[in-house]
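Undergrad: The structure follows.
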Amino acid sequence: MGKQRFRVMMGSGLISLAFLLAGCATSPRSDAIIVGDDVCGGEATRIYFPHGESVLSPLAAQVVVRVQDQLAQCPKRRIVLVSISGDDGPPSSLENREERAAIVRQILVSRGVAENRITATAQGPMVDQAPKSPIGGVLVFTRP
């Protein structure tokens, strides 16, 4: 009975290891947008906007300032702003998304980030691959 239980446990362990290794083999695409805390590493930080509006809340403005502080540590990286609509607006609300990206851009520039480092987009493949959320906003990340 002891040997049989040992074999079952070993078999289960090997199966678990195989699933783990298979999961590690599937890494995200190199151009995928990943939300995280490492802005200089290319991870995106979300800047949320109030439902259906293009006005930045005080809390979201603080997030932009924190992102700018992080960007100061990687001055050679380009900044990409990807504006997405969430459930707060139809995907066709391009004007609203463009306004949101312009607001984030304006704050970053006013805090000393060079305009030529910033690219903003509210349409195209980057918007399509961006992680969706119930609230629209702007994703801020960097590229080499």
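Undergrad: Only bridges with both residues in region 45-143 count here: give the DSSP antiparallel percent, nearest 5. Numbers along the way, then the final one.
TA: Numbers: 11 of 15 bridges.
So the antiparallel bridges in region 45-143 amount to around 75 percent.
Undergrad: Give the residue from H51, Q129, S93 lying farthest towards the positive end of the charge dipole for region 45-143; charges sit on Cβ (+1 for Lys and Arg, -1 for Asp and Glu) and the dipole is referred to the Cα centre.
TA: Looking along the dipole axis, the top candidate is Q129.
Undergrad: I would also like to ask the following. Expected output is a single nm value to one decimal: the length gained when fully extending between D128 and A32, i.e. 0.36 nm times separation in residues minus the C-alpha distance. What is it?
TA: Values: separation 96, 0.36 × 96 = 34.56 nm, distance 1.06 nm.
Taking 0.36 nm per residue and subtracting the Cα distance, the gain is 33.5 nm.
Undergrad: Run the paramagnetic zone check for R78: 7 angstrom along Cα to Cβ, then residues of region 111-125 with backbone nitrogen under 18 Å.
TA: Those under the cut-off are 113-125.
Undergrad: Region 61-144: D in µm²/s via Stokes-Einstein (Kirkwood Rh, Cα pairs, 10 °C, 1.306 mPa s)?
TA: Numbers: Rh = 13.0 Å.
Translational diffusion coefficient: 122 µm²/s.
A short reminder: the numbers here are calculations on the coordinates, not readings from a lab. Keep in mind the model is a prediction, meaning the values are calculated, not measured. Quick reminder, even Gly has a Cβ in these numbers, built from the backbone with ideal geometry, and neighbours come from all protein chains shown.
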